[in-house]
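Scroll down for the structure; my scribbles are underneath it.
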Amino acid sequence: MAESVGVLILFALISVPACLYLVIAGRGAGSSGPAREESAAPSPAPAAKPAPETARGAVPGASLLVAAIAYLVLQAAVLLLVPWVLFFVELGPVGLVSGALFALPLLVGFAYLWRRGALDG
Amino acid sequence: MSPETLVPNFLGLTAQALSLALGLLAVGVPLVAWAERKAAARIEGRPGIGGTAIAEISLDGMLQPLADALKLLSKRDPNPPESGQGVQVLFSALVLSATVVAFSAIPWSGRYVFGEGSLSLILADVEMGVLFIFALLAFSALVTVWAGMRGGIRSRVGTFRLAARSLSGELALLLALLPMLMIYGSLRLGDMVAWQDASFSPLGAWSLLAGGGGSLSGLSLGLPAWGILLNPLAFILVLTAASVRLGLAPFDAERREAELEAGPHGSFSGPGLGFLALAARLELLLVAALVTLIFFGGWAIPWLPQATLVAVIGEFIGSWLANAICLGLHLVVFLLKLSGVVFLELLIRSALPRFDHARTMALCWKILMPAALVDIAFTAAVLFRLGGAPG
């Protein structure tokens, strides 16, 4: 109880003044200074070339998805390992073997991803 | 449960929260910012900052961070209100808040008994300390991604890199931390330090491993049971993975000035950018604090456990004062170790050129993760052989 209240108080202490400051500091934006005249005339500068999506070409959408799925699966697995490592000594040989059995499919999946080149940038 | 524990002491907690926030923002961040620039200048053979003077007081450039902060906070947001970018700067407040709140689970000292009660310099002694910090950092990364995707193309490309780097770094960091959690058997950072506040004998552990059956405490050669001595590989992996996770240099490919300008922070200016700069310095401090607590024994003084220290001093001046002195000593020791780790991080940042994005990802997936898996298997085998951690 006291822990969560302390966290909430700290959060409020930082975020409320920071947000208020940003709102107040942003209020004057764009309202002062000479009004900008919207001109319909085309700019004398030629239209800028669209910037490339990345330094090396298009954003790799498909591999990003694969990476995201791989990440989700592995992350969930690693989080499931956390309680196991905490009680690992008490669990004895059964814990050791079951941990290895749990990790085995993941390791196979990881090796598969690696071999298929999913980890190459 | 007594009413005292049911109704938290709001005033006390607020005072603690206020002092933590003030200590971090008014002392920690300016010092880190100053040390960062001074160390980089010294390593690169430049004179560095030192010219800023307020009323002819320069303090070797220590006032420069203050001047920077004042400049950023007093700048006006250049976006007109109708652009809708005004709301976006609020994200920076959320990033800053999440980073500060992550410090609430960092213990700054052990627990000391004063008469009836006890005192510990920690705002929120949460059961799952490490995971709590991870969750807040994930929240802050999520908010940064959210804000970055609303910016221009450079900002969005930078945000893609940031998202990929944070996700990979987080996985590597979790894996690299698992062997330490195995040894300590707890997620609470205070417990980890209490565990390290003892000594172990590496020779005893090795003779046990080799089947010699030597007793752990019977051997005279004792070393502090710090994480870095128990598992040096984990230290290297965690330091690297945490730097990747938080995008500390040299793993900040999303902020390559020549290519992406400010990357995900490209659409921020003025106070918003100032808050993000504060959060970045705090993240450096947070990594240093985590590494200090997990690998360098936190506030523990080598060969002088808390109980012994209190007992020895207490014989002369009484238990109450002995506990107070112990608290002060431990706080100073922790801050000294913390400064050492911060300096190590600054050294790494200055010595290494910025990594390419693809190389950072390859480092995460092809080096850090397999190495962490090997470390887990090795630690599991050793602990299993020893029947517990050699504490």
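Assorted remarks:
- Selection over segment B:126-164 of residues that are farther than 21 Å from residue B:244 by Cβ and touching a strand residue (DSSP E or B) at 6+ places or on another chain (Cβ under 9 Å) gives a count of 0.
- Subset of segment B:137-159 (residues that are part of a helix (DSSP H, G or I), touching a Ser or Thr at 6+ places or on another chain (Cβ under 8 Å) and touching a residue at least 60 places away in the same chain (Cβ under 8 Å)): B:137, B:140, B:144, B:145, B:147, B:148, B:155, B:157, B:159
- Candidates B:96, B:173, B:131, B:181 - the one that is more than 22 Å from residue B:239 (Cβ to Cβ) and modelled with pLDDT of 85 or more: B:96
- Qualifying residue in segment B:363-386 (condition: more than 14 Å from every other protein chain (Cβ to nearest Cβ) and either within 30 Å of residue A:88 (Cα to Cα) or surrounded by fewer than 22 Cβ atoms within 10 Å (Cβ to Cβ) (or both)): no
- Wholly enclosed helices (runs of 4 or more DSSP H) of segment B:302-375 bearing at least 3 residues farther than 16 Å from residue B:172 by Cβ and within 21 Å of the chain's Cα centre (by Cα): B:319-351
- Of all residues in segment B:2-30, those that are part of a loop (DSSP other than H, G, I, E, B), within 9 Å of another protein chain (Cβ to nearest Cβ) and either surrounded by fewer than 12 Cβ atoms within 10 Å (Cβ to Cβ) or at pLDDT 80 or above (or both) total 1.
- Residues in segment B:351-391 that are at pLDDT below 90 and small (Gly, Ala, Ser): B:351, B:358, B:362, B:377, B:380, B:381, B:387, B:388, B:389, B:391.
- Test: residue B:279 is under 21 Å from residue B:20 (Cβ atoms), in contact with a Ser or Thr (Cβ under 8 Å, 6 or more places away or on another chain) and either surrounded by fewer than 21 Cβ atoms within 10 Å (Cβ to Cβ) or modelled with pLDDT of 80 or more (or both): yes
- Summed over segment B:94-116, residues that are more than 12 Å from chain A (Cβ to nearest Cβ), out of contact with any Phe, Trp or Tyr (no Cβ under 8 Å at 6 or more places or on another chain) and either among the polar types (S, T, N, Q) or not in a loop (DSSP other than H, G, I, E, B) (or both) total 3.
- Residues in segment A:91-121 that are over 21 Å from residue A:79 (Cβ atoms), in contact with a Phe, Trp or Tyr (Cβ under 9 Å, 6 or more places away or on another chain) and in a helix (DSSP H, G or I): A:92, A:93, A:114.
- Entry remark, segment B:97-123: residues being more than 29 Å from residue A:20 (Cβ to Cβ) and small (Gly, Ala, Ser) number 6 in total.
- Filter result (within 11 Å of chain A (Cβ to nearest Cβ), over 24 Å from residue A:86 (Cα atoms) and surrounded by fewer than 16 Cβ atoms within 10 Å (Cβ to Cβ)) within segment B:117-168: B:152, B:153
- Looking only at residues of segment A:88-104 that are of a type outside the set (Val, Ile, Thr) and surrounded by fewer than 11 Cβ atoms within 10 Å (Cβ to Cβ), we find that the one that is farthest from the other protein chains (Cβ to nearest Cβ) is A:101.
The values are calculated or read from the model by the stated rules, or taken from the named source; none is laboratory data. From a predicted model like this one, the values you see are computed outputs, not experimental measurements. Positions of Cβ are generated from backbone atoms using ideal geometry, with glycine treated the same way; all protein chains shown enter the neighbour counts.
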